[in-house]
Structure formats: structure tokens, C-alpha cells
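The values are calculated or read from the model by the stated rules, or taken from the named source; none is laboratory data. Not measured: the values here are computed from a predicted model. Using ideal geometry, Cβ is built from the backbone for each residue, glycine included, and neighbour counts are taken over all protein chains shown. These accessible areas exclude ligands, DNA and RNA; they are computed on the full protein's heavy atoms, side chains included. Shrake-Rupley method; radii C 1.70, N 1.55, O 1.52, S 1.80 Å.
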Amino acid sequence: WRREFAAASSSAKLVAPLGCLVSRQKHTLPDLPYDYGALEPHINAEIMQLHHSKHHATYVNNLNVAEEKYKEALAKGDVTAQVSLQPAIKFNGGGHINHTIFWTNLSPNGGGEPKGELMEAIKRDFGSFANFKEKLTAVSVGVQGSGWGWLGYNKEQGRLQIAACANQDPLQGTTGLIPLLGIDVWEHAYYLQMYLQDMRPAKSRVEFLHRLLKWHHFYFNTTLVVVSVAYK
């Protein structure tokens, strides 16, 4: 339980270093808590390795470069350069934040329905777990182009809330919602495997996301800790 709380705290505090550009350590690619092939047959090892070691690593590298340039612009008082660098920091910083959360949302031992406080909150705010899955799927499929579907916690209203974010916009930074579960709708999260399997297991994005939700791990204990703290 303490390890899970530490993991939740780490994800919650991930945004803070992005604003500390004067004195900081460089961002690094986090290790996966499982092997690349651990999620097969749902996501194969090739997809996981590409997604983690290439795509996520690119966000980390580009974020470090953008922050270094931003620090130089701050030192020079170059406001124009600071403004021009903000989109790169938002995009790559969001990609780093989102994927760091995403990896902990997946587990080779995941699936099924949550229990306890989280399930009660889902029933209260969505009517049933089935309704929740349907609404999250619809919002995720409705993302135009690339982006994310999220289950978040609205601290002000004291309830769970579903939202979509475009591109790599981070949920908390753009909506204020505390991220609990994220679905990566970017094609690099699944397109190679769909091609390799000739689209047979996933005839549409809707069917794919239904399958994704079925085995997607909620990281239940961590989520309960986050929700519990938020309620306070």
C-alpha cells in the first residue's frame, strides 16, 4: 500500500518540475513496471518497445532541449523566444506527463471491475460500470485526430468526470481534473499491431477501445488513494 501511495504521489507531482527551469535535473524516461511483452496478446512487445523507448523518449529529449532554450531566453530577458518555446514545452511536457501516467495504468494482471470506494464513486457519478465504459469509449473515439480520453477527479465538485484532451495536452494542466485513467488515442499506441493482424481483431476504433477498456488496468489501489486524498 505504501509503495502504491508513493507511485500516486510521484505521478501527481510530475507537473511541478516543468515550471522549475532555473535549477533542475533533466527529465528522464521512466522504466516500465513490467516487461515489453507482458501485455501480450493485447499489446505486443514490439508496440510497447516502440511506444516507450522511441515515442516517449522523444518527448523527454525534446522537453529537455526546449527547457534549456527557455532557461537561456529567461536569462537574456528574451520574451519573444520564451513565448515561441511554450508550445514545444506544452506538447513535449504533456507527452512526458501523460505517458508516465499511462504506463502505470496498464498491468499484465489488470482487467475486471474496480472495488470499494472507486466502484461506489463510478456508480454514483455514472450509474453503473457499464455506463462508465460506454461514456469513456464514446469520448475517446470522439477525439478528432490524436489525443487522450481521461477519467479524472473534479476536486471542486467532488465527483469523477470524463474528459478528452487534444494532442498531448495534460489533463490537470488544461482542465484542473486529477488524472486517474488515461487512454492514449494516438495511432502510435496501436496502429502497427492492427496492421500486423490485418485488422481482424479490431474492425473499428470503437471495437478496439472496447477491448482496451476490458483489459485496461485501473491501478485500483493507487486510484483509491488519490481519490481519498482528493476528498479530504
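What to note about this one:
- Candidate aspartates and glutamates - alpha carbon under 18 Å from Lys69, same-chain residues fewer than 8 apart omitted: Asp78
- Here's how it looks for Leu177: its modeled amide H is under 5 Å from none belonging to a residue 5 or more places away or on a different chain.
- Residues whose placed amide H lies under 5 Å from that of Val185, excluding near-sequence neighbours: Gly147, Trp148, Gly149
- Candidate aspartates and glutamates - alpha carbon under 15 Å from Lys123, same-chain residues fewer than 8 apart omitted: Glu113, Glu134
- Phi-derived couplings, Karplus 6.51 cos²θ - 1.76 cosθ + 1.60 at θ = phi - 60°, listed residue by residue for segment 79-96: 5, 4, 5, 4, 5, 5, 8, 4, x, 5, 5, 5, 5, 6, x, x, x, 5 Hz, with x used for Gly and Pro.
- Average accessible area per residue (Å²) across segment 38-121 - probe 1.4 Å, nucleic acids and ligands excluded: 47 Å²
- Label-point separation in nm, Val79 to His55, each point 7 Å along Cα→Cβ: 3.8 nm
- Cross-link pairs beyond the 21 Å C-alpha cut-off, checked among Lys26/Lys90; Lys26/Lys71; Lys115/Lys135; Lys54/Lys133; Lys54/Lys90: Lys54/Lys133
- Accessible surface of segment 38-105 [probe 1.4 Å, protein heavy atoms]: carbon and sulfur percent: 57 percent
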